[in-house]
Structures are given as C-alpha cells and as structure tokens.
Amino acid sequence: MNTHPESSNSKRQTYRPATELVFVDCPEGSGANHYNAASVPIYQTATFKQTSATQTGEYDYTRSGNPTRSHLENHLAKIMSANRAFAVSSGMTALDVVTRLVRTGEEIIAGDDLYGGTNRLLTFLNKNCDIKTHHVDTTNPEVILPYLHPTRTRLVMLETPTNPLIKICDISTISSIVHEQCPNALIVVDNTMMSPYLQKPLELGADVVIHSGTKYLSGHHDLMAGIIAVKDKVVAEKIYFTINATGCGLSPFDSWLLLRGVKTLAVRMDKQQSNAMQIATFLELHGFQVSYPGLQSHPQYELHARMSSGPGAVLSFTTGDTSVSERVVESTKLWAISVSFGCVNSLISMPCRMSHASIPAAVREERGFPEDLIRLCVGIEDAADLIEDLHQALVTAGALRNDEMREA
Ligand SMILES: *Cc1c(COP(=O)(O)O)cnc(C)c1O
C-alpha cells in the first residue's frame, strides 16, 4: 500500500518560496519519522512486515511505496502546487509514465524544440504503438489550432524555455485553448529548465508537470531522478498505477539524496541566475547573438517574465562558424564539456554534436537549429572567473580578437 499524504500543511502558514524549499513538513501519523530525525531516514528495505496475515501497515513493499520516497513526494507536491507528486527513476521515466496515458490511435501535440530524449520517445511511440505526435512551433498558440481534435488529442506537451533555442511558449493561453476544444486532453509541461522555484505551470493552467530531478532539483549531478506532479486525482491514480505496475519508483537512497538537494535549490538558482545574467550581458556586449530570456533583446522577454520569477541559468549563443564554435567549447578550462545542466559546476556544450545529435540533421535544419550553437549552463562559481575563462576561449578559438569587440 502506498501513502500519498494530501497536502497536510493546509493548516499552517505558508512562507515564501526559499523558505518552503527548506521547511519540510512531516505529516503526523505518516510513520516516516517517529524519532523526529532532522533528516528523515533512508528506509533501505524492500519489504515491511505485516501485523497479521490479512492486515498490512502503511507500507508493504517498496515498489508500491516507501516512507523516504513518500516524504520526498509530499515535499515536492507542496513546492510544485500539486495535488500529488511522484518520484521515479529518471526524467525519461517520468515522460514514459505520462505518455502511457495515451492509447493507440490517440494523438500528441508537442513542441518542435523538445529535449532530444523526449523526441526519441515520441518517435518510438509513433513507430510501435500508432501514437502520432504533431510537432509544432508552440511559441505561437495559433499554430496548434489545426492539430487539435476534440477526441483524438490526448496530450499537449510543452517546454518553456526550450533548450537550447530558448523559445518561450504561453502556458496559460495554450491551456485555455486546449481545455476548451479538447476536454479529454492534458497539458503536460516539462519544467526542467526553470525548476519549481522559478515557474509553477500548474498555477498557469497545466495539468501535469514533469521534471528531470537530475538537473536543478538535485543540483550536483550525482543522481538521476524524475518527478511527475499532477492536479487531478483520477490522473494521479493512473500514474500511480503505472509506476507500481512497472516498478520505476525512485529508490530510497536516491529519494533521500534528492530531498537533500531540493533544500538548497533557491540559493543555487539565485547565484546561477545572477552569474548567467552577467555572462549573457558580456557576450551580447561583444556582439554575439545570445538567446537568454533575461535579456531585453529576447523576443519573448515579457511573456517569460509574466510566467516565471526569473530567467534561469541556461543560455545559448552562436559564433557564425561551426568549427570556431567547436574550438571555443574545447578551449575552456573551467567550463566542463558535458551534456545536461543544473549542476553547481558550469558546463559548455554544442547541442548539435551532443545532446541533440539523436535528432536527424535534416530535421534540425527544418526546425532552424543552428549547427554552430553553443550552450552554456551556468554554475555557482565566481562570475569573474567564468567570464575570464570564456573570454580566453573565444580569443583562442578566433571568435573574438583580444580586447576587441566583434562587429555587431
Ligand atoms: C534531462 C532532461 C530530461 C530527461 O531527464 P533524465 O533525468 O536525463 O532522464 C527531460 N527533459 C528535459 C528538459 C531535460 O533537460
């Protein structure tokens, strides 16, 4: 049996986001913490003894439920403004569980600049399960209209900002259009890029929110996890059924580690974001084409600011030449060449060669994906060191002459 404490915090005062991240409720009677440990223990057990042949306690088998995992899920439901949240083994698992709500013959509408792994999963569903995905440019809600079908459309999957093109979509407008025309459809937002500290899609009209816990929620690139947060109780039951049926719930140790990470989300994100803003400004001042929703030059600066409380810490820029970009990436010393983001360390990558290489080159071209794009995922180091290192890499690569501005 699984427990899923409904927000037990309804009675107490609510605090500001940074406080709520650290303040973890332990519901009375949940049995998760009978010694009042400051850090809820890791219940490293597969089974729980029953009191009799016919009666189970709150927990019986860790695939179905574990106190450490419930504790994490309860905390995440609170910070994501969800009715229930579920912790699973990776972000892709979260997406897999959610796409199992779709039946053969039903359809998905999704953005055209999705995470590469999501793209691969949707292609698999199309080939093997006859579930078609229409990829559209979700930056313009109107573009979705022709693809909406009152009964066939089951999921509308959004990311905002997208990665690495940093395109923004209007969650509220799309949610109301879709809910009106397709009562059966769910708006699913992959909110990994923003984290619940900066953006809460369930408050903007979405039905389901997904996070790769591997990124900002954990913050240290030392675990893999995925989170699914849901508003509707019936949808939540279906999701719980799949998690229990397939056995993809997050392990007790990783649940404990993820909860530890979540508590520092606000301090990490505040620092990462302030560093990112300085770096974006540095690059723009030197004449590079920069995509970052914290810059007023971003075409959807205002839309992003309406939906979220900050621009996050991922930005991308182009150099105009693929081999120059490759040299820039390879010339940094402080910035690690790595896929993924959300780590306390700064990372640099070339999406076309790395995270997005699984998208065929022809499709990338069709979607206007620049091959010379460099993505920066900014960490918590001193911004001056990050800028100095980037500057020397740009000079070494020939993207910038020392002490010279590029021609805008
Ligand atoms: C990383 C990522 C995923 C996949 O998460 P994993 O934890 O790597 O499985 C999904 N969506 C987005 C936006 C991501 O960045």
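The values are calculated or read from the model by the stated rules, or taken from the named source; none is laboratory data. A quick note: this is a predicted structure, and the numbers were derived from the prediction, not measured. Because the Cβ atoms are built from the backbone with ideal geometry, glycine has one as well, and the counts that use them run over all protein chains shown. Areas reflect the complete protein model, heavy atoms only, side chains present, ligands, DNA and RNA absent. Shrake-Rupley method; radii C 1.70, N 1.55, O 1.52, S 1.80 Å.
Once the stretch 88-98 is narrowed to residues that are open to solvent by less than 20 Å² (accessible area, probe 1.4 Å) and in contact with a helix residue (DSSP H, G or I) (Cβ under 6 Å, 6 or more places away or on another chain), the residue that is nearest to the ligand (Cβ to nearest atom) is L95. Would you call S195 surrounded by fewer than 23 Cβ atoms within 10 Å (Cβ to Cβ), under 26 Å from E302 (Cβ atoms) and in contact (Cβ under 8 Å) with a residue 12 or more places away in the chain? In short, no. Restricted to the stretch 123-144, and to residues there that are in a helix (DSSP H, G or I) and open to solvent by 60 Å² or more (accessible area, probe 1.4 Å), the residue that is nearest to V363 (Cα to Cα) is T123.
Matching residues to (1) in a helix (DSSP H, G or I); (2) touching a helix residue (DSSP H, G or I) at 6+ places or on another chain (Cβ under 9 Å); (3) within 16 Å of the ligand (Cβ to nearest atom); (4) open to solvent by less than 10 Å² (accessible area, probe 1.4 Å):
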site: S70; (1), (2), (3), (4): yes, yes, no, yes
site: H75; (1), (2), (3), (4): yes, yes, no, yes
site: F86; (1), (2), (3), (4): no, yes, yes, yes
site: L101; (1), (2), (3), (4): no, yes, no, no
site: T104; (1), (2), (3), (4): no, yes, no, no
site: I109; (1), (2), (3), (4): no, yes, no, yes
site: T118; (1), (2), (3), (4): yes, yes, yes, yes
site: L121; (1), (2), (3), (4): yes, yes, yes, no
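The single residue among L257, L265, L223 that is within 16 Å of the ligand (Cβ to nearest atom), crowded, with 23+ Cβ neighbours inside 10 Å and closer than 22 Å to V344 by Cα turns out to be L265.
For P351, the test of being of a type outside the set (A, V, I, L, M, F, W, C) and surrounded by 20 or more Cβ atoms within 10 Å (Cβ to Cβ) is passed.
Pairs are defined by a Cβ separation below 8 Å, a sequence spacing of at least 6 or placement on different chains, a first member in the stretch 213-226 that is on the phi > 0 side of the Ramachandran plot and not assigned by TED's automatic domain parsing to the domain that holds G342, and a second member that is near the ligand (Cβ under 10 Å from one of its atoms) and part of a loop (DSSP other than H, G, I, E, B); the pairs so defined are G219/G342; H221/T214; H221/S340; H221/G342. Of all residues in the stretch 168-191, those satisfying the criterion of being touching a residue at least 60 places away in the same chain (Cβ under 8 Å), in contact with a strand residue (DSSP E or B) (Cβ under 8 Å, 6 or more places away or on another chain) and open to solvent by 10 Å² or more (accessible area, probe 1.4 Å) are L186, D190. Residue check: is E159 crowded, with 22+ Cβ neighbours inside 10 Å and acidic (D, E)? So E159 passes the test. Just checking, does the stretch 355-366 include any residue being more than 30 Å from M224 (Cβ to Cβ), under 26 Å from the mean Cα position of the chain (by Cα) and charged (D, E, K, R)? Yes.
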